[in-house]
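Read through the structure below, which is laid out as structure tokens, and then see the notes.
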Amino acid sequence: MLAYVFRCRIMKVVLAVFALLMCYSRIYLGVHYPGDIIGGAIIGLTTAWAVVKLCPEGVLPRYSRVPWGIVVVWTVTTVVLLI
């Protein structure tokens, strides 16, 4: 959903790395099985796609600028998770 809202490439890369790292950490810590992660990803992607398609034009805002505050928070979180 956020990749749709924020159209800039930097934000999409940050979101993808963050999501993949979170998925890996859940499997590594033994909290979820890979099937849980794949099933959740399918449900999440399907729901996001449906919301984007079903919302009337103009309801979901689209931003071209990079929200640097969000990028910094996710980057710091990613670094802390890697440590």
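No lab work stands behind these numbers, since they all come straight from the coordinates. Predicted model only: the values in this text are computed from it and were never measured. As a convention, Cβ positions derive from the backbone with ideal geometry for all residues, glycine included, and neighbour counts pool all protein chains shown.
Brief remarks follow.
- Extension gain, L21-L2: 0.36 nm per intervening residue step, less the Cα-Cα distance, totals 5.2 nm.
- Approximate shape of the chain as ellipsoid semi-axes (Cα gyration tensor, √5λ), whole Å, largest first: 25, 20, 7
- Across region 16-21, coupling constants 3J(HN,Hα) worked out from phi with the 6.51/-1.76/1.60 Karplus curve, θ = phi - 60°, read 5, 5, 4, 5, 5, 5 Hz, and Gly and Pro carry x.
- Working from label points 7 Å from Cα in the Cα-to-Cβ sense, the R9 to I38 distance is 3.1 nm.
- Residues whose amide H falls under 5 Å from that of F6, counting only those 5 or more places apart or on a different chain, are Y63, with hydrogens built in the peptide plane.
- Phi-based couplings in Hz for region 31-38 (Karplus 6.51, -1.76, 1.60; Gly and Pro marked x): 6, 9, 8, x, x, 4, 5, 5
- Between G58, G30, G39, the GNM of the chain built on Cα springs shorter than 10 angstrom shows G58 fluctuating the most.
- Residues in region 61-71 carry Karplus couplings, in order, of x, 10, 10, 8, 7, 7, x, 4, x, 5, 4 Hz; the curve used is 6.51 cos²θ - 1.76 cosθ + 1.60 with θ = phi - 60°, and Gly or Pro positions show x.
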